[in-house]
Amino acid sequence: MRRIAVIAVLSVLFIPVISTGADEELLQGFTRDHSATERQWETKFRDIPSPDNQREYMRRLSARPHHVGSAYDKENAEWILSKFKEWGWDAHMEVFDVLFPTPKERVLEMIEPTHFTAKLQEPPQPGDPTSNQQNEQLPTYNAYSTDGDVTAPLVFVNYGLPKDYEELDRLGISVKGAIVIAKYGSSWRGIKPKVAAEHGAIGCLIYSDPGDDGYSVDNTFPKGPMRPSDGVQRGSVMDFPSSSPGDPLTPGVGATPNAKRLAIKDAPSMTKIPVLPISYGDAQPMLAALTGPMAPQDWRGGLAIAYHVGPGAAKVHLKINFNWDIKPIYDVIAKIPGSDQPDQWVLRGNHHDAWVNGAADPVSGQVTMLEEARAFGELLKQGWRPRRTIIYCAWDGEEPMLLGSTEWAEEHDKELQQHAVVYINSDGNERGYLSMQGSHTLERLANGVARDIQDPETKLSVWQRNHLHRIAEAKNTEGRQELRTRADLRMEPLGSGSDYTAFLDHLGIASLNLSFDGEDDEGVYHSIYDDFYWYTHFSDKDFVYGRALSQTIGTAVMRVAQADLLPFEFTDFSDTIHVYLKELKKLADDGKEEATERNKEIDEGVYTATSDPRRPRIGPPREEMPPYLDFAPLDNAADALSLSATHYDAALQKAWTSGISDAALQDVNHKLLDSERRLTTDEGLPRRPWYRHMIYAPGVYAGYGAKTLPGVREAIEQKHWAEANAEIVRAAAVLGSETELINSAAVRLEQPAP
């Protein structure tokens, strides 16, 4: 706090100033003739959200476990529907039938060198009134694991990523025919069994190490916010990055009663080996029994044991069987019709289902959305009407793998591609700094909104506090210099992991994901302890950041819904494309340098000379030298994109000065609505056609994490050189299409008004 306070004193010297001219007002989403009135409506809106209301919504929604298929999940959906109707929205419920497995048998025991039976149970905690709802809680398990009954030696694989298996190769350790145990973290959990199976493992355990989210971080629950020794992280292990999210049996279409369904054995997103999550209390005896080489230093966690990798004395038996049931999910869809452009839709969503009580994930985000909805209802009573249609969506089935949003988007795909302007998502909320992720054509919009929201702790603007925090966290002079000179804070790209996925990655709808975070340590993720008691003791207990998120997202919704000119902006986007292109070139160059150095050290005998005879390590294999890639198509496309962005800005400024006709605005808006669609292809990415966006996608071996220019980047990472050159051409083509659209919009703006 002290450091932030000192920087705040100096902030006047360093905060960049952006234009506040009329063209900037248009880019921020205000109307030509009524921007002052629109700001007044925004102020009225931001005065309405109530922290006390959010607290009571959370108390109600998180009172009982509400996973897919539970009675309280449906009750919550019906209650949310009733609130939308009470507040004057046109609301209804849409039901889909999805595959949702639940465990009927879970056995984990160590049978050698001693016998140990895992508890596989989270105990109630004193003082936490909902942690004792044992009969309603889902057991600790991973959804979409296959059934299995396996006995094998145990091998510790760190986080279970491809690079960890390269390290095991250096140690001479194979996991073929073994059960692996991996730490949670550093990737999406479903990557761990995927990579394990690719290396021949027959089972996978995933545990939460206290070095990551337990007592090494802070006191454990209920004394503190971190995961106790018997706490377990539930979660899906669906292989969605390689296929698609949503119902595994109806890929690409809505899971309606008449939908054609795959057989479970044919579902491509199911894991190939059985997987089970466990606590560090259950993991410790098995890890302590491992023999074999010592784990590398950076693999070792927070347990008071010597971390060995195995295999050796430790042998375990893992048995899992599931109920493979079809369950209903309940999406609540609420609408405020637009007054004069009802065929353009502004979408906003947050999910309502949870693994257990889910106060932080997702109810803390759901309650912010509900207060936005109530505030819009109050504005309607005062005479306000949005120009475009606003649609709020309370999704079900997000936790198993984005079921509700994906099925809805697939069922309504043609309507959405025709009408959807943007999709704005949240998925939980904490205290701290505004996290902005999304389509970079919306970067200017997000920054403008952040400048107008007050941070509840410092009373700075949310943007200013975020800006100063980034300066404090910057790793070098170059990073700090950019922060002090670039008009807008950079947004992070979106991969997957929440309900924006179908809208952005599949349908090409420009999307934002917004939340506050950075000041809370959360060690109860997907456990029974993520409940009202935990949230109101260790997170945003006064719900002031809940109010701030309602203000932030509601303001963004208003600006898109009311704008004369849709607030898409292309200079930030083109600048970001150049950053991504620079990263790709560095990735390729680094690969060449690493291969050259590795082969040279093999020739010099470095690996043989430095291998400790008592702890031997095998040298890496020789690597084929990567070829030079032809980045010229992307270089040319990125430069042309920058010129088109400049052209558009100049045309907008000139048009504002000379006047813009309603017809011109309508034509340009139709072009802008299509701008994100232009970044997709019908063929999609190699080997995963559901993912159509050529600029953003979840990584095949990263899961939630975004891969930018993903076709090119992953081809380089996986050493598919011919594919890399082909993907360069494809990526350049979509940027060329985007450039053509931007220039056509600029030309339309340049036509004189009648």
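Okay, residues lined up against (1) of a type outside the set (Phe, Trp, Tyr); (2) farther than 20 Å from residue 121 by Cα:
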site	(1), (2)
184	no, no
189	yes, no
193	yes, yes
198	yes, yes
201	yes, yes
220	yes, no
228	yes, no
250	yes, yes
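Are any of the residues in region 551-560 open to solvent by 10 Å² or more (accessible area, probe 1.4 Å) and in contact (Cβ under 8 Å) with a residue 40 or more places away in the chain? Looking for residues that are open to solvent by 10 Å² or more (accessible area, probe 1.4 Å) and in contact (Cβ under 8 Å) with a residue 40 or more places away in the chain, one finds at least one in region 551-560, hence yes. Contact annotation: residue pairs with Cβ atoms under 8 Å, 6 or more positions apart or on different chains, pairing a residue in region 87-100 that is closer than 18 Å to residue 261 by Cβ with a partner that is open to solvent by 50 Å² or more (accessible area, probe 1.4 Å) and outside any strand (DSSP E or B), are 96/411; 97/257; 99/264.
Taking the criterion of being open to solvent by 10 Å² or more (accessible area, probe 1.4 Å) and of a type in the set (Gly, Ala, Ser), the residues of region 311-337 that qualify are 312, 313.
Restricting 617, 677 to residues that are under 21 Å from residue 710 (Cα atoms) and either at pLDDT 95 or above or surrounded by 12 or more Cβ atoms within 10 Å (Cβ to Cβ) (or both) narrows the list to 677. Considering only region 24-56, state which residues are under 26 Å from the mean Cα position of the chain (by Cα), at pLDDT 95 or above and open to solvent by less than 20 Å² (accessible area, probe 1.4 Å). Within region 24-56, 49, 54 qualify. Scanning region 561-580 for residues that are out of contact with any helix residue (DSSP H, G or I) (no Cβ under 6 Å at 6 or more places or on another chain) and either among the acidic types (Asp, Glu) or within 17 Å of residue 510 (Cα to Cα) (or both) yields a count of 3. Taking region 260-293 as the range and being closer than 25 Å to residue 171 by Cβ and assigned to a loop (DSSP other than H, G, I, E, B) as the test, the residues that pass are 272, 273, 290, 291, 292, 293.
Annotation note: Cβ proximity below 8 Å between a residue of region 740-754 that is under 18 Å from residue 637 (Cα atoms) and a residue that is outside any helix (DSSP H, G or I) and hydrophobic (A, V, I, L, M, F, W, C) (sequence gap 6+ or interchain) occurs for 742/570. Residues in region 277-294 that are open to solvent by less than 10 Å² (accessible area, probe 1.4 Å) and out of contact with any strand residue (DSSP E or B) (no Cβ under 6 Å at 6 or more places or on another chain): 3 in all. For region 561-571, a tally of residues being outside any loop (DSSP other than H, G, I, E, B) and buried (at least 23 other Cβ atoms within 10 Å of the Cβ) returns 2. In region 511-522, is there at least one residue being within 17 Å of residue 130 (Cα to Cα) and surrounded by fewer than 24 Cβ atoms within 10 Å (Cβ to Cβ)? Taking every residue of region 511-522 in turn, none turns out to be within 17 Å of residue 130 (Cα to Cα) and surrounded by fewer than 24 Cβ atoms within 10 Å (Cβ to Cβ).
A quick yes/no check of all residues on (1) in a helix (DSSP H, G or I); (2) more than 30 Å from residue 309 (Cα to Cα); (3) in contact (Cβ under 8 Å) with a residue 40 or more places away in the chain:
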{"residue": "577", "(1), (2), (3)": "yes, yes, yes"}
{"residue": "580", "(1), (2), (3)": "yes, yes, yes"}
{"residue": "583", "(1), (2), (3)": "yes, yes, yes"}
{"residue": "591", "(1), (2), (3)": "yes, no, yes"}
{"residue": "595", "(1), (2), (3)": "yes, no, no"}
{"residue": "601", "(1), (2), (3)": "yes, no, no"}
{"residue": "607", "(1), (2), (3)": "yes, no, no"}
{"residue": "621", "(1), (2), (3)": "no, no, no"}
{"residue": "626", "(1), (2), (3)": "no, yes, yes"}
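Taken over region 378-429, the criterion of being over 23 Å from the mean Cα position of the chain (by Cα), part of a helix (DSSP H, G or I) and buried (at least 18 other Cβ atoms within 10 Å of the Cβ) is satisfied by 379, 419.
If you filter region 200-227 down to residues that are closer than 18 Å to residue 276 by Cα and assigned to a loop (DSSP other than H, G, I, E, B), you find that the one that is nearest to the chain's Cα centre (by Cα) is 208. State which residue is surrounded by the most Cβ atoms within 10 Å (Cβ to Cβ) when the search covers only region 476-504 and only residues that are of a type in the set (D, E, K, R) and under 25 Å from residue 574 (Cβ atoms). Filtering first and then ranking leaves 488. Given the conditions (1) on the phi > 0 side of the Ramachandran plot; (2) surrounded by 22 or more Cβ atoms within 10 Å (Cβ to Cβ), and given that residue 695 satisfies all but one, which numbered condition is not satisfied? The failed condition is (1).
The values are calculated or read from the model by the stated rules, or taken from the named source; none is laboratory data. Note that the coordinates shown come from a computational prediction; the quantities given were computed from them, not determined experimentally. Quick reminder, even Gly has a Cβ in these numbers, built from the backbone with ideal geometry, and neighbours come from all protein chains shown. The protein model used for the area step is the full one, side chains on, heavy atoms only, and it has no ligands, DNA or RNA in it. Shrake-Rupley method; radii C 1.70, N 1.55, O 1.52, S 1.80 Å.
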